[in-house]
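Visitor: Right, I'll just put the structure down here and ask away after.
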Amino acid sequence: MPDTVHVLNGPNLNLLGTREPEVYGHATIADVEAACRAACARHRLDMVFRQSNHEGELVTFLQEARGSRGVVLNAAAYTHTSVAIADAIKAVGLIVVEVHLSNVFAREAFRHHSYVSPVARGVICGLGIEGYRLAIDALATAGGRIS
Ligand code: DQA
C-alpha cells in the first residue's frame, strides 16, 4: 500500500478530449491515465486511477486510499464547493497533491477558491497533463515526506 499512488479525478473529467478543448486540451482521460501509469512505472510505484462524477464516491475513493504513498487529486468543480472532500483528506491523513489542468487563477473568480488547497501538501495548476506527472514525481521522490 505505501508504494501505491492513487490518482483521483472528479466530475466531467471523463469528457476530456471533447470538453472545452481550448481550456482543457485534447488529451483524453485515457491519455491522462497512460501518462500517470508511465510516471508511476518509472518510480516503481503501483497506481490506482479513478474518476467519478459523484462527490460521495470521491469521498469513498479518498477513504480507500488510506495507507497509500499519496493521492494526486483533481477534484474538478468539487474543488470549489466540497467540504466533504476536504474533511475526507483530513480524516484519513493522506498526502494530497492537488492538480488542475487549467490555470484556475486565470479564470472565473469562483475558481480561485479551493477547499482542497488548505489540506493539500502542494498544488499544481495550468500545466495540463504534465501537472499529473509532476505530482507523481513529487510523491515518489519525496517518499511521502514532502514538507
Ligand atoms: C479543473 C478546474 C475546475 O475549475 C473545473 O471545474 C474542472 C477542471 C481543471 O483541471 O482545470 O472541472 O479542475
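What follows is calculated from the coordinates using simple rules that are stated; it is not laboratory data. In this text, all values refer to a predicted model and were calculated from it rather than measured experimentally. Here the Cβ is made from the backbone with ideal geometry for all residues, glycine too, and neighbour counts use every protein chain on show.
Visitor: Residues with beta-carbon under 13 Å from that of Arg107, excluding Arg107: net charge, scoring Lys, Arg +1 and Asp, Glu -1?
Guide: My count for the surroundings of Arg107 gives -2.
Visitor: What is the order of Leu73, Leu127, Leu101, fewest Cβ neighbours within 10 Å to most?
Guide: So the ranking, lowest neighbour count to highest, is Leu127, Leu101, Leu73.
Visitor: What shape does the stretch 69-147 take by its C-alpha gyration tensor, where a ≥ b ≥ c are the square roots of the eigenvalues and a/c under 1.5 counts as rounded, a/b above b/c as prolate, and the rest as oblate?
Guide: Oblate.
Visitor: Have a look at Ala76, Ala38, Ala120 and tell me which one the Gaussian network model of the chain (Cα, springs below 10 Å) gives the largest fluctuation.
Guide: Judging by the Gaussian network model, the answer is Ala38.
Visitor: Restricting the count to DSSP beta bridges whose residues both fall in the chain, what percent are antiparallel, rounded to a multiple of 5?
Guide: The antiparallel fraction comes to roughly 0 percent.
Visitor: Give the distance, in whole Å, between the Cα centre of the stretch 105-134 and the Cα centre of the stretch 32-58.
Guide: The two parts, judged by their Cα centres, are 17 Å apart.
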